[in-house]
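Okay, so here's the structure we're looking at.
The values are calculated or read from the model by the stated rules, or taken from the named source; none is laboratory data. Everything numeric here is computed off the predicted structure, so don't read it as measured data. Reconstructed Cβ throughout: ideal geometry from the backbone, glycine too, with neighbour counts over all protein chains shown. With ligands, DNA and RNA removed, areas are computed over all heavy atoms of the protein, side chains included. Shrake-Rupley method; radii C 1.70, N 1.55, O 1.52, S 1.80 Å.
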Amino acid sequence: DAGVIQSPRHEVTEMGQEVTLRCKPISGHDYLFWYRQTMMRGLELLIYFNNNVPIDDSGMPEDRFSAKMPNASFSTLKIQPSEPRDSAVYFCASSLDRTKETQYFGPGTRLLVL
Amino acid sequence: GIQVEQSPPDLILQEGANSTLRCNFSDSVNNLQWFHQNPWGQLINLFYIPSGTKQNGRLSATTVATERYSLLYISSSQTTDSGVYFCAVEGMDTGRRALTFGSGTRLQVQP
């Protein structure tokens, strides 16, 4: 398997623009997670899905952030409008639908909002 | 929520030295993983180890779940071991399938 795939790997945009990050989980995995890494806050969960349904979005910072999972093989994280403080590395991870299972992380998307 | 503390925050080693990284957590866990974040930012799974001991080459890990800590051992360190090591846990009682990360140990191995 190719592992968790994220695109783009790098994104530079200007404040106010819409940003869409994409993730393809490992085939057969039922859980999908979005994490964000910043210098100030470290690695933190934004939202996770189980069988394409959002389960916990308590980590989503504000209404400018939204995430969808239209099918088992694709998820998006959208920021609209983007702000400089959204600059971070965004990771997607997936795991099997069992209580004790490893989460596998994608390579991340490095976002810079100018 | 569950708290995760890692120590030391920074570590500088000479190539060939051994080291021990520690992770303390505040509650019972379903999942504990150790990651290495390399200089390119990739998070690489090292161990899935909610309890017990595992070894993979020069790396090994032990989790004592009853005492709520985990240790990562690096033997005969190499410059390629440099990077940040994260411990991440999933609390057992929260019903929440999400990892809480520690702040990491930044390791620098000098030639």
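Residues in region A:30-45 that are surrounded by fewer than 22 Cβ atoms within 10 Å (Cβ to Cβ) and in contact (Cβ under 8 Å) with a residue 24 or more places away in the chain: A:ASP30, A:TYR31, A:GLN37, A:THR38. Counting only residues that are closer than 18 Å to A:GLN103 by Cβ and open to solvent by 50 Å² or more (accessible area, probe 1.4 Å), region B:15-26 holds 0 of them.
Within region A:3-19, if we keep just the residues that are of a type in the set (S, T, N, Q) and over 14 Å from the mean Cα position of the chain (by Cα), the residue that is surrounded by the fewest Cβ atoms within 10 Å (Cβ to Cβ) turns out to be A:GLN17.
Taking the numbered list (1) aromatic (Phe, Trp, Tyr); (2) in contact with a Lys or Arg (Cβ under 7 Å, 6 or more places away or on another chain); (3) buried (at least 17 other Cβ atoms within 10 Å of the Cβ); (4) more than 8 Å from chain B (Cβ to nearest Cβ) in turn, A:PHE74 passes all entries but (3).
Limited to region A:1-29, what total is found for residues that are assigned to a loop (DSSP other than H, G, I, E, B) and among the hydrophobic types (A, V, I, L, M, F, W, C)?
Qualifying residue count for the region: 4.
Of all the criteria given as (1) touching a Leu at 6+ places or on another chain (Cβ under 7 Å); (2) under 18 Å from B:LEU107 (Cα atoms), the one not satisfied by B:GLN78 is (1).
Residue-level analysis places A:PHE65 outside the set of residues that are open to solvent by 20 Å² or more (accessible area, probe 1.4 Å), more than 10 Å from the chain's Cα centre (by Cα) and aromatic (Phe, Trp, Tyr). Exactly one residue among B:LEU71, B:LEU46, B:LEU11, B:LEU21 is in a strand (DSSP E or B) and closer than 25 Å to A:VAL4 by Cα, and that residue is B:LEU46.
Among the residues of region A:89-114, which ones are open to solvent by 10 Å² or more (accessible area, probe 1.4 Å) and either part of a loop (DSSP other than H, G, I, E, B) or at positive phi (or both)?
Narrowing region A:89-114 to residues open to solvent by 10 Å² or more (accessible area, probe 1.4 Å): A:89, A:96-102, A:104-105, A:107, A:110, A:112, A:114.
The answer is A:LEU96, A:ASP97, A:ARG98, A:THR99, A:LYS100, A:GLU101, A:THR102, A:PRO107, A:LEU114.
Pick from B:SER103, B:SER77, B:SER60: which is of a type in the set (Gly, Ala, Ser), part of a loop (DSSP other than H, G, I, E, B) and away from every other protein chain (no Cβ under 14 Å)?
B:SER77
Out of region B:30-43, which residues are at the interface with chain A (Cβ under 9 Å from one of its Cβ atoms), among the hydrophobic types (A, V, I, L, M, F, W, C) and in a strand (DSSP E or B)? Those that are at the interface with chain A (Cβ under 9 Å from one of its Cβ atoms), among the hydrophobic types (A, V, I, L, M, F, W, C) and in a strand (DSSP E or B): B:PHE35, B:LEU43.
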